[in-house]
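Okay, so here's the structure we're looking at.
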Amino acid sequence: MPSLNSQECTQRMGLAPETATVRGLIFNAVFKLVEQHRGAAAAAELRAKIAKKPLVDFFSYPARDFLQVLFEAGELLAPQYGSAQAAIRACGAAAVGGFFQSGVGRTLTTIIGQGDPKRLFSSAPTAYSTAVSYGQRKFSVVGERRVSLHFKGDMQPVEFHQGLLEAALQGVGCTGRVEVRRMGMDEAEYYIEW
């Protein structure tokens, strides 16, 4: 019998349009995290399920392939993180870490500056649209130290985005938390507070 994660992955893949893509750097961040915890052979085996050659960071690849990689990485990394959901959250954090280490990410951090989460997250809809080809994201200021991002048409699990947004907050030198209000399998509201 397939695991709950397998069933959820299949459902999410069904929500992904055939034209939906994810940049290679996000895939590569997940492969790197698997390599760190499970070794190079495990990372290479995971990559081989979707591609014969290494992925190029700024090329686009099918979102359905990314979902497969993400959910399998969640299972592989569950022992290190305590659950598949926590592992998927760690994959999200790794994805933004990879972005902030890239040339584009370093430039964005320089432009935004440290300690300015509102400015960072106000750019999130544009940043996401450079990394993926699907979904809509809307930024809103909720309070002095609280903002929200509304995601619609995004089939990635909320844990992935929660980890990504928490790591982005840390990337500008702030500590805080990200609360999630699920509205459907492809829609959620993320409240970011620091």
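General observations
- Flag: ALA48 matches the condition of being without any contact (Cβ under 8 Å) to a residue 24 or more places away in the chain and out of contact with any helix residue (DSSP H, G or I) (no Cβ under 9 Å at 6 or more places or on another chain).
- A search for C-beta distances below 7 Å between a residue of region 90-115 that is under 18 Å from PHE160 (Cα atoms) and any residue that is at pLDDT below 70 and among the polar types (S, T, N, Q), counting only pairs 6+ apart in sequence or on different chains, returns PHE100/THR109.
- Considering residues of region 123-161 that are surrounded by 14 or more Cβ atoms within 10 Å (Cβ to Cβ) and more than 22 Å from LEU25 (Cβ to Cβ) only, the residue farthest from the chain's Cα centre (by Cα): ARG146
- Any pair with Cβ under 6 angstrom, 6 or more apart, that starts in region 137-162 at a residue that is among the β-branched types (Val, Ile, Thr) and ends at one that is open to solvent by less than 30 Å² (accessible area, probe 1.4 Å): VAL141/VAL147; VAL142/SER148; VAL147/PHE121; VAL147/ILE192; VAL158/ALA188
- For region 162-192, a residue qualifies if it is charged (D, E, K, R) and open to solvent by less than 60 Å² (accessible area, probe 1.4 Å), and the qualifying residues are GLU166, ASP186, GLU187, GLU189.
- Identification of strands (runs of 3 or more DSSP E) wholly contained in region 136-194 with 2 or more residues that are closer than 18 Å to GLY74 by Cβ yields 177-184.
- Residue ID - modelled with the lowest pLDDT, chosen from residues in region 1-52 that are exposed (fewer than 13 other Cβ atoms within 10 Å of the Cβ) and among the aliphatic types (A, V, I, L, M): MET1
- Leading residue by the ranking (farthest from GLU72 (Cα to Cα)) among those in region 2-55 that are of a type in the set (Ser, Thr, Tyr) and assigned to a helix (DSSP H, G or I): THR10
- Residue ID - nearest to ALA20 (Cα to Cα), chosen from residues in region 111-122 that are at pLDDT 90 or above and open to solvent by less than 40 Å² (accessible area, probe 1.4 Å): PHE121
The values are calculated or read from the model by the stated rules, or taken from the named source; none is laboratory data. All figures in this text were calculated on a predicted structure; none of them were measured in a lab. Cβ atoms come from the backbone with ideal geometry, glycine included; neighbour counts cover every protein chain shown. Surface accessibility is based on the protein's heavy atoms, side chains included, excluding ligands, DNA and RNA. Shrake-Rupley method; radii C 1.70, N 1.55, O 1.52, S 1.80 Å.
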